[in-house]
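Below is one structure, written out as structure tokens; the observations come after it.
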Amino acid sequence: MDAFEVAASLKPRCNPVAFWRLGNRPITCMAFSPDGQRVAIGSEDGGLRIVDYLNEILEDVYLSYFGGFTCCTWSDDGKYVVAGGKDDLITIWSVYDQCVVARCQGHESWVRDVAFDPMGHEDESTYRFM
């Protein structure tokens with residue numbers, strides 16, 4: 001699940017300059033952090049990988065309750081990643097604490113999209129997502 005390989009291109013002046021291998025299942029979603037340093041990559045294997053994009057280092061792997069992920073996004077301050085998927089849940093992870101903050105139930109089918117409300121961040125302890 002946590003395999004992460006980077007292979008340099010044989011022709012470094014041509015695209016692509018590198019290949020990333022994250023596993024054997026398809027990638028289903030990805031989102032860059034607001035600072036552009038990290039990318040969250042969701043997969044059919046139920047792993048949400050946090051990759052340091054600039055240094056090409058796998059920082060963490062978060063797992064779904066079951067099934068693959070279909071969508072993911074970052075909070076505007078980069079502290080949280082929210083993802084939804086085939087488990088009918090929305091899961092919130094604290095990137096810095098490396099833990100699940102909450103799993104939100106109530107969907108009758110796969111979660112297809114998640115987004116933080118840009119007007120919902122009134123102070124440092126309040127976040128709204130939809």
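The values are calculated or read from the model by the stated rules, or taken from the named source; none is laboratory data. Owing to the predicted nature of the structure, the values given are computational and were not obtained by experimental measurement. No Cβ is skipped: glycine too gets one built from the backbone with ideal geometry, and neighbour counts run over all protein chains shown. These accessible areas exclude ligands, DNA and RNA; they are computed on the full protein's heavy atoms, side chains included. Shrake-Rupley method; radii C 1.70, N 1.55, O 1.52, S 1.80 Å.
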(message) So in the stretch 55-67, with the set limited to residues that are surrounded by fewer than 20 Cβ atoms within 10 Å (Cβ to Cβ), part of a loop (DSSP other than H, G, I, E, B) and not charged (D, E, K, R), which one is farthest from the chain's Cα centre (by Cα)?
(response) N55
(request) Starting from the stretch 58-71, keep only residues that are within 13 Å of A83 (Cα to Cα), then list their pairs with residues that are aromatic (F, W, Y) whose Cβ atoms are within a distance under 9 Å, requiring at least 6 positions of separation or different chains. (result) V61/F4; Y62/W93; G67/W110; T70/W110
(message) Let me spell it out: the conditions are (1) open to solvent by 20 Å² or more (accessible area, probe 1.4 Å); (2) part of a loop (DSSP other than H, G, I, E, B); (3) under 30 Å from S125 (Cβ atoms); (4) in contact with a Ser or Thr (Cβ under 9 Å, 6 or more places away or on another chain), and T70 meets all of them except one. Which number is the exception?
(response) (2)
(request) Return the total of residues in the stretch 89-105 being crowded, with 17+ Cβ neighbours inside 10 Å and more than 18 Å from D35 (Cβ to Cβ). (result) 4
(message) Please go through the stretch 106-130 and give me each residue that is surrounded by 10 or more Cβ atoms within 10 Å (Cβ to Cβ) and either touching a Leu at 6+ places or on another chain (Cβ under 8 Å) or of a type in the set (D, E, K, R) (or both), ordered by number.
(response) H107, V111, R112, D113, D117, R128
(request) Please enumerate the residues belonging to the stretch 44-54 that are at pLDDT 90 or above and open to solvent by 20 Å² or more (accessible area, probe 1.4 Å). (result) E44, D45
(request) For D35, work out the one condition from (1) out of contact with any strand residue (DSSP E or B) (no Cβ under 7 Å at 6 or more places or on another chain); (2) over 24 Å from V6 (Cα atoms); (3) of a type in the set (D, E) it doesn't fulfil. (result) (2)
(request) Quick one: V6 ticks every box in (1) under 30 Å from S125 (Cβ atoms); (2) among the β-branched types (V, I, T); (3) surrounded by fewer than 20 Cβ atoms within 10 Å (Cβ to Cβ) except a single one, so which number is it? (result) (1)
